[in-house]
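**Student:** Sharing a structure below in structure tokens format, with a few things to ask.
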Protein chains: 2
Amino acid sequence: MKGFLAYQNEENMGLFTDLYELTMCASYFDNKKFEPATFDVFIRRLPPGRSYFMFAGLEQVLGYLESVKFTKEHTAYLRKQGFDEKFLAYLQDFKFTGDVFAVPEGSIVFPNEPLIRVTAPIIEAQLIETFLLNTVNLQTMIATKASRVVYAAKGKSVVEFGLRREHGIDAGMKVARSSYIAGCQGTSNVLAGMAYEIPVYGTMAHSFIMSYEKELDAFRAFANTFPAKATLLIDTYDDKAGAQKATIIAKELEKKGMKLIGVRLDSGDLADTSKAVRILLDAKDLGYVIIFASGDLDEYKISELQNTGAKIDAFGVGTKMGTSADYPYIDVIYKLCETMNGKGEFCPIMKLSKNKNTLPGRKQVYRVTDAKGNYINDIIALANEQSKGEPLLVKVMENGKLTYNLPSLNDIRTSAAANIAKLPAKYKQLTSHSQYPVELSQALEDLVANLKRKITENEIIADQPEKQ
Amino acid sequence: MKGFLAYQNEENMGLFTDLYELTMCASYFDNKKFEPATFDVFIRRLPPGRSYFMFAGLEQVLGYLESVKFTKEHTAYLRKQGFDEKFLAYLQDFKFTGDVFAVPEGSIVFPNEPLIRVTAPIIEAQLIETFLLNTVNLQTMIATKASRVVYAAKGKSVVEFGLRREHGIDAGMKVARSSYIAGCQGTSNVLAGMAYEIPVYGTMAHSFIMSYEKELDAFRAFANTFPAKATLLIDTYDDKAGAQKATIIAKELEKKGMKLIGVRLDSGDLADTSKAVRILLDAKDLGYVIIFASGDLDEYKISELQNTGAKIDAFGVGTKMGTSADYPYIDVIYKLCETMNGKGEFCPIMKLSKNKNTLPGRKQVYRVTDAKGNYINDIIALANEQSKGEPLLVKVMENGKLTYNLPSLNDIRTSAAANIAKLPAKYKQLTSHSQYPVELSQALEDLVANLKRKITENEIIADQPEKQ
């Protein structure tokens, strides 16, 4: 047995790639194509009913770009796959040396906006595609989903509880990270708590209750171990009977000068049950005991619970957030937008496939806001243009070296909250899509029209664009 | 920066757990509950329209159980979370010492059947829950999904292409592994290819074509580098024009005594285009050039393509298989079924929540087959009962030591193919569910009825079951 996490470390991420990146690069190498090119990471479209994305994953992308390499074991493996020696020698010395611009983590972004812009020798820029997409897909998908859940909770706490159904180890870690960015209070994942300094939360499972002959004994044993931080799961047999027993424990704790933190509901009609349990607790002067609810929650169910006046103080949200279950991927892609011609000039290029056009040239995104900072519209422009609005893409790497002060996770979380607050409410509706205005600058529009004409006429890439 | 895969190694998996496992265990420890207990991993229900699961992930579960531990850094972190010193000292020496039974990877299984049965001191058995569920969820979900895709392809090759949208690093690796188990031909993921010895496949991206002024130049450059293994992506500008150019390259290769492997379509109406491209290739005597299709495929689209007579020889299947997009989780759970009473006797127990009952006692699953080995029905029985049929659960670990010869990945794949062949066709339909018969033995039925009565009457766990 090689180990159940065999090869999953930073040393080996060079091969964490689709094979075609390597075959393309081998052909670039073989055909002596070393000129720089520019690629954009962007998302093609919104999932149904959503109006924005929250960008996340940049820190891990930069960590990868700083360290990506190919070991002797990698090149030995690639040799067996038929790659030739000269290319393998190139890989052995591989280092990423490009320039990278990106929007900060926690930014609110929209389809077609460049999120990461990479300019590097085309072999380097191509090789990194798969890792970038994998990382941005997972974290941006989850930050976006979690920001919707947090929005639905309207200020009540949301804790990320999905570890058991998230897709493997890295997903377990990155879902905790990106849902924390989006405003979750914490996670159940202890390793993520340690690795990222995220607050960790947890209560007890039904098995704990069932391992005692009587529910009350289980409650008492737990309160005995955690007198200052016990939340009791009350629905193993009957939720109201469970709540009654929780009041007994609460009173016992009061005699010791302690307070029961809360009770947890994990099944049944959470709205009705929470109301009944609240009355029951309040009748015993236990207004301070919070009601924590979990079980198949997402933004839609939380919103429904809020609308029916459920007496729930905090939500544990698992599977449906941790897998983004209603849309478990985003259409994030990495597209070539600029190459260099034989004269050493950068030439904007675009793809003109059926319904899959791309935006040519090196670009910047400008955000126009009102006097209070609220978002009005975005403009995608060429990078060397002037435009109204604030530029979103900042330089994060130059010649392969980090030029960006990585913010702390708490700083990212704080700025994410500020960003989402500046997004007008209509774009945050849970079930109806509103189109946030994203325009192209006149120069970019002209470039697109011009290239379309050239490609259609000649089926070649324009090498003398009128504007750039 | 701590590293983008910080703490994701076997050394640290002790903390890859929901906090509540640790709080429960701390309370067990505090209350001196060290008796053995038995837990079952099982799946509560099938996703809509599906009729079976293919089990995967056991090898990683066993690797974890053999190595799980708590480091000084872990206990230092837990100390800050308020865990007491005696429990931390216990964790410092933690080793899993239990007995484990499991069904082999690649088995066809059904709801409520125990897939992994753990008997261990209750603290140990509880602590491992989250990792087991996370691992079985991902791999069983993907093996099941991939087996449907392979079934739809009716003997044509399927290659796993989803790395960029799979949920992080571990998912990228484990999706390649479990879809290979289920019959995929290989993966695009090079690291998975190296780690698991899975065949790797890849062609080229649109960016490669676009980086050349003319599509034909791009094709020629690629064929130059890989004369014996070139597949050309022909839909960057116009698929039929692309196919024409591919025939030129094929003829150039023929002059060198080489053969073009194939062309790839990644957009548009794959059925119509593939037919047109086939005619075009055949007209140039290029019957040997295969047509490879990709782009938003899953079992439903592949089935539709097959039904409309698409001329596709192999399928690249990405996002929708790699995220199990139509149902990105399975309802896999881990439930206590047996504890030990004060007299040292094992007592079967069950959970009786709203629609969430569990099966009590230590159990075995027997599969009844016809003379040809085809599956007829399963019987869930008590472990010490005799039953007709073949037992599915085998001992894999005793006192924390592996007692099982881990099969090679290719052996698992071979037995998975044999297993799926023995499942009658009606259970393999893609859109309609057929209920495979899973019965309870009479003794188990009686035990359930008896415990239900006792719980309802007394709301306690029966400590003197009539039968076991």
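The values are calculated or read from the model by the stated rules, or taken from the named source; none is laboratory data. Bear in mind the structure is a predicted one, so any value in this text is a computation, not a measurement. Here the Cβ is made from the backbone with ideal geometry for all residues, glycine too, and neighbour counts use every protein chain on show.
**Student:** Return a yes/no flag: does the range B:136-152 have any residue that is more than 15 Å from the chain's Cα centre (by Cα) and over 19 Å from A:Ala325 (Cβ atoms).
**Tutor:** Checked the range B:136-152: at least one residue is more than 15 Å from the chain's Cα centre (by Cα) and over 19 Å from A:Ala325 (Cβ atoms).
**Student:** If you don't mind, another one. May I ask you to verify whether A:Leu297 is more than 8 Å from chain B (Cβ to nearest Cβ) and touching a Phe, Trp or Tyr at 6+ places or on another chain (Cβ under 8 Å)?
**Tutor:** yes
**Student:** Okay, next question. Scanning the range B:321-370 for residues that are of a type in the set (Gly, Ala, Ser) and assigned to a loop (DSSP other than H, G, I, E, B), which turns out surrounded by the most Cβ atoms within 10 Å (Cβ to Cβ)?
**Tutor:** Looking at residues that are of a type in the set (Gly, Ala, Ser) and assigned to a loop (DSSP other than H, G, I, E, B), I get B:Gly361.
**Student:** Across the range B:1-27, which residue is surrounded by the fewest Cβ atoms within 10 Å (Cβ to Cβ) among those that are more than 7 Å from chain A (Cβ to nearest Cβ) and of a type in the set (Asp, Glu)?
**Tutor:** Among residues in the range B:1-27 that are more than 7 Å from chain A (Cβ to nearest Cβ) and of a type in the set (Asp, Glu), the one surrounded by the fewest Cβ atoms within 10 Å (Cβ to Cβ) is B:Glu11.
**Student:** For the range B:200-235, name all the residues that are among the hydroxyl-bearing types (Ser, Thr, Tyr), within 24 Å of B:Glu254 (Cβ to Cβ), surrounded by 23 or more Cβ atoms within 10 Å (Cβ to Cβ) and facing chain A (nearest Cβ under 7 Å).
**Tutor:** Matches in the range B:200-235: B:Tyr201, B:Thr203.
**Student:** Scan the range B:74-106 for residues that are acidic (Asp, Glu) and more than 14 Å from chain A (Cβ to nearest Cβ) and jot them down.
**Tutor:** B:Asp93, B:Asp99
This table checks each residue for (1) over 28 Å from B:Ser179 (Cβ atoms); (2) buried (at least 17 other Cβ atoms within 10 Å of the Cβ); (3) touching a Pro at 6+ places or on another chain (Cβ under 9 Å); (4) not assigned by TED's automatic domain parsing to the domain that holds B:Val109.
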{"site": "B:Lys388", "(1), (2), (3), (4)": "yes, no, no, no"}
{"site": "B:Pro407", "(1), (2), (3), (4)": "no, no, yes, no"}
{"site": "B:Ile412", "(1), (2), (3), (4)": "no, yes, yes, no"}
{"site": "B:Lys426", "(1), (2), (3), (4)": "no, no, no, no"}
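**Student:** With the requirement that a residue be under 15 Å from B:Asp18 (Cβ atoms) and touching a Phe, Trp or Tyr at 6+ places or on another chain (Cβ under 9 Å), what does the range B:65-85 give you?
**Tutor:** B:Val68, B:Leu78
**Student:** Another question about this same structure. Would you tally the residues in the range B:270-328 being touching a residue at least 60 places away in the same chain (Cβ under 8 Å) and farther than 23 Å from A:Tyr20 by Cβ?
**Tutor:** Selection size over the range B:270-328: 8.
**Student:** Is at least one residue of the range B:182-199 facing chain A (nearest Cβ under 9 Å), over 20 Å from B:Ser274 (Cβ atoms) and over 34 Å from the mean Cα position of the chain (by Cα)?
**Tutor:** no
**Student:** Sticking with this one: Residue check, A:Ile291 against (1) more than 20 Å from A:Thr187 (Cα to Cα); (2) more than 10 Å from chain B (Cβ to nearest Cβ); (3) touching a helix residue (DSSP H, G or I) at 6+ places or on another chain (Cβ under 8 Å); (4) surrounded by fewer than 24 Cβ atoms within 10 Å (Cβ to Cβ), all met but one. Which one?
**Tutor:** A:Ile291 satisfies all of (1) more than 20 Å from A:Thr187 (Cα to Cα); (2) more than 10 Å from chain B (Cβ to nearest Cβ); (3) touching a helix residue (DSSP H, G or I) at 6+ places or on another chain (Cβ under 8 Å); (4) surrounded by fewer than 24 Cβ atoms within 10 Å (Cβ to Cβ) except (1).
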